[in-house]
Amino acid sequence: MTTQKKVALITGVTGQDGAYLAELLLKKGYEVHGIKRRSSLFNTDRIDHLYKDRHEKDVSFFLHHGDMTDSSSLTRIIQQTQPDEIYNLAAQSHVAVSFEEPEYTANSDALGALRVLEAIRILGLEKKTRFYQASTSELYGLVQETPQKETTPFYPRSPYAVAKLYAYWITVNYREAYGIYACNGILFNHESPIRSETFVTRKITRALARIKLGLQDCLYLGNLDAKRDWGHARDYVEMQWLMLQQDKPEDYVIATGVQYSVREFINAAAKELDMNIGWQGCGVEEHGIDQGGKRIIRVDPRYFRPTEVETLLGDASKARNRLGWVPKTTFEELVSEMVREDMTLAQRDTLVKKHGYKALNYRE
Ligand code: NDP
Ligand code: GDR
């Protein structure tokens, strides 16, 4: 007897979480469909290792062109793939950028979730298709309680967070109104070596590796006092899957329960590279100096946000007690893995700088 493969559809498959989740679901034997946007450059770096040409045997991973701002593409893909599970990860996910592109952020992050839920309803898939919404700790914004858990009131502080608040509630509403198995994962920051370079953790690990090798002089950052609860993306996508395997759909906070400041992240990354950073000055004058007294970290107010989220710390007891989920990777392990990978990339860049692209081929 052959058992039918489960079918999953991932929006945002080309992003950090999309790549880890696709890999996890393929390992579990799913047929995985991903939605990618049209781009003038290749945008599938993170998932290229999973992709096989459709003409090969045993292909389980398929990509479709679509966009969160385009209902027709979303509805068509859902109709064609008839997924058992949809993971809605696609979003304009940068908080600072959302102040510059508030309307687009609302369109893709808020209405995008609605479009997927409406497609499920219009296509009569309410009883078949389970829906995961990538909600965020940014909903807590100006925090009303510490640590933050599922019952903590929301106070969003950016166009991104406000858009995600709509997506959170429309997910709850479609669950209650139409009986769709729909869940919110309220995920705190999670990082990895494939985190995009504009988020603070990756910006730090990449820059310090480059500074160490002489490829860059200085790293400019914004608020060094901001505190975050940072976990590893690989651990968090497991929870996204687990949430859709339960008897009843519910919302869960996913976090490590430990908090560090941006400055502490820098110190941890520097330690991995045997760099010793001394801190001097305060406010916009604060800077980090290396052993030789060179200013290698400076504050640039350009990176300050009009309204900042100063502190986030999650309480994931519900996920631990109900689903047995605990994060596997510690803060130190996360930083170490990111620094190692960025050091390898910086070494490649050094090689290219010295000998041109041919040097890479000779090595491989
Ligand atoms: P990324 O920014 O790495 O990935 C976002 C993905 O969404 C990319 O594949 C991107 O495509 C795609 N995308 C963006 N806009 C559109 C659009 N209009 N139509 C179709 N696709 C689009 O984010 P992460 O992987 O880190 O996060 C995944 C989700 O989880 C996001 O919704 C994010 O807001 C949320 N989240 C993330 C947290 C984190 O710490 N990482 C914490 C809490 C929530 P492209 O590659 O072409 O840009
Ligand atoms: P965040 O992540 O806004 O929490 O959103 P980000 O890494 O951008 O910022 C974290 C904190 O660091 C401060 N910061 C800087 N941030 C950036 N990007 N660049 C800088 O130079 C810099 N200097 C200081 C920020 O002000 C902030 O306080 C991430 C995203 O993945 C969201 O999609 C997700 O919902 C939340 O995490 C949970």
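FYI, it's all coordinate maths here, none of it is from the lab. What you see is a predicted model, and the numbers here were worked out from it, not measured in a lab. Cβ sites come from the backbone with ideal geometry, for glycine too, and all protein chains shown count toward neighbours.
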When Lys and Arg each count +1 and Asp and Glu each count -1, what net charge do the other residues less than 10 Å away from residue 220, Cβ to Cβ, add up to? +2
For residue 140, list long-range residues whose amide hydrogen, built 1.01 Å from N in the peptide plane, is under 5 Å from its own amide hydrogen. 155
When 218, 183, 282 are ordered from fewest to most other Cβ atoms inside 10 Å of their Cβ, what list results? 282, 218, 183
Can you grab the distance from the C-alpha centre of segment 187-206 to the C-alpha centre of segment 139-178, Å, no decimals? 23 Å
Size-normalised alpha-carbon gyration radius of segment 221-326, reference 2.2 N^0.38 Å: 1.41
For segment 179-192, just list the computed ³J(HN,Hα) in residue order, Karplus coefficients 6.51, -1.76 and 1.60, θ = phi - 60°, integers in Hz, with x standing in for Gly and Pro. x, 6, 6, 10, 10, 9, x, 8, 8, 7, 3, 9, 10, 4
Do me a favour and compute the ellipsoid semi-axes for the chain from its Cα gyration tensor, root of five times each eigenvalue, largest one first, whole Å. 35, 26, 18
Would you mind checking which residues have amide H under 5 Å from residue 61's amide H? H placed 1.01 Å from N; only 5 or more apart, or other chain. 32, 52
Determine, at each q value in 0.10, 0.11, 0.18, 0.21 (inverse angstroms), the log₁₀ of I(q)/I(0) that the Debye formula gives when each Cα of segment 33-154 is one equal point scatterer. -0.41, -0.49, -1.10, -1.28
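Averaging the inverse of every distinct alpha carbon separation and then flipping it gives the Kirkwood radius. What is it for segment 170-230, in angstrom units?
Values: mean 1/r = 0.0677 Å⁻¹.
So the Kirkwood estimate lands at 14.8 Å.
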Cα pairs beyond 12 Å in segment 50-102, in percent, come to 76 percent
